[in-house]
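Some notes on the structure that comes next.
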Amino acid sequence: MPRTAKAEATLAQVQRAAVGLLARREHSARELHGKLIAQGYPAEIVSSALERLVARGLLSDARFAEVFARSRSSKGYGAVRIAQELRRRGVDDEQIAPVVNTVKETWRAQIAQVRRKRFGEELPQSNADRAKQARFLLQRGFTSEQVRAVLRGEMNEE
């Protein structure tokens, strides 16, 4: 559909485009809104289409947050980083809290595994090595308390 034709798109056409994007992966409402606007669809029709998709249960920020958090957690990211990324994607804090709490429940094993994968079994001996590992783990989204604990050897995979 040419760009000018998209400006005159119907609600059904916009909904089909949105469902097509959702078929590939979950999106937050804000992400999906931005993608459809970037494709040239009118903002008011996009908003109406997304409202209908939410009402039908095809678009859910809570479901997106759950899938996203599980994916990022499995890649070695901590709850702080996951929450920041979800906020950037337009997910509300009340939808972020439950999924981040689920991630927090597994952080002990996760942070130990992430540290070992990157730096090996042996704990850092020098201040420089400790600082390097701490920076890495903080950037991954773990709290300073969690980082201190794992670098003291208090964390094991559970």
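The values are calculated or read from the model by the stated rules, or taken from the named source; none is laboratory data. Everything quoted here is computed from the prediction, not taken from an experiment. A quick note on method: Cβ atoms are made from the backbone with ideal geometry, for glycine too, and the neighbour counts reach across all protein chains shown. Remember, those area values only see protein heavy atoms, side chains included, never the ligands or the DNA or RNA. Shrake-Rupley method; radii C 1.70, N 1.55, O 1.52, S 1.80 Å.
Looking only at the stretch 72-87, how many residues end up being assigned to a helix (DSSP H, G or I) and either closer than 30 Å to D129 by Cβ or open to solvent by less than 40 Å² (accessible area, probe 1.4 Å) (or both)?
Count: 11.
What tally of residues in the stretch 88-120 results from selecting those that are more than 19 Å from L151 (Cα to Cα) and either surrounded by 20 or more Cβ atoms within 10 Å (Cβ to Cβ) or not acidic (D, E) (or both)?
13
Quick check on K35: is it modelled with pLDDT of 95 or more and surrounded by fewer than 20 Cβ atoms within 10 Å (Cβ to Cβ)?
For K35, the condition - modelled with pLDDT of 95 or more and surrounded by fewer than 20 Cβ atoms within 10 Å (Cβ to Cβ) - is met.
May I ask you to list the residues in the stretch 88-102 that are part of a helix (DSSP H, G or I) and either touching a residue at least 60 places away in the same chain (Cβ under 8 Å) or more than 19 Å from R25 (Cβ to Cβ) (or both)? Break it down into steps so the answer makes sense when it comes.
Taking the stretch 88-102 first, the residues part of a helix (DSSP H, G or I) are 88, 93-102.
Residues satisfying the conditions are D93, E94, A97, P98, V100, N101, T102.
Taking L123 as meeting all but one of (1) in contact with a Leu (Cβ under 7 Å, 6 or more places away or on another chain); (2) under 23 Å from A69 (Cα atoms); (3) open to solvent by 30 Å² or more (accessible area, probe 1.4 Å), write down the number of the exception.
Failed condition: (2).
Quick check on my filter: what residues within the stretch 60-71 are open to solvent by 40 Å² or more (accessible area, probe 1.4 Å) and not basic (K, R)?
A62, E66, V67, S71, listed by residue number.
Which condition number does A9 fail, the rest of (1) at pLDDT 90 or above; (2) outside any helix (DSSP H, G or I); (3) at negative phi being met?
Result: A9 passes all but (1).
Pull up the stretch 38-59, narrow it to residues that are under 21 Å from P98 (Cα atoms) and in contact (Cβ under 8 Å) with a residue 24 or more places away in the chain, then point me to the one that is surrounded by the fewest Cβ atoms within 10 Å (Cβ to Cβ).
If we filter the stretch 38-59 for residues that are under 21 Å from P98 (Cα atoms), which is where we start, we get 54, 57-59.
Filter once more, keeping what is in contact (Cβ under 8 Å) with a residue 24 or more places away in the chain: 54, 58-59.
Working: V54: 13, L58: 15, L59: 24.
In this case the residue turns out to be V54.
Scanning the stretch 126-143 for residues that are part of a helix (DSSP H, G or I) and open to solvent by less than 50 Å² (accessible area, probe 1.4 Å), which turns out farthest from R116 (Cα to Cα)?
Among them, the one singled out is A131.
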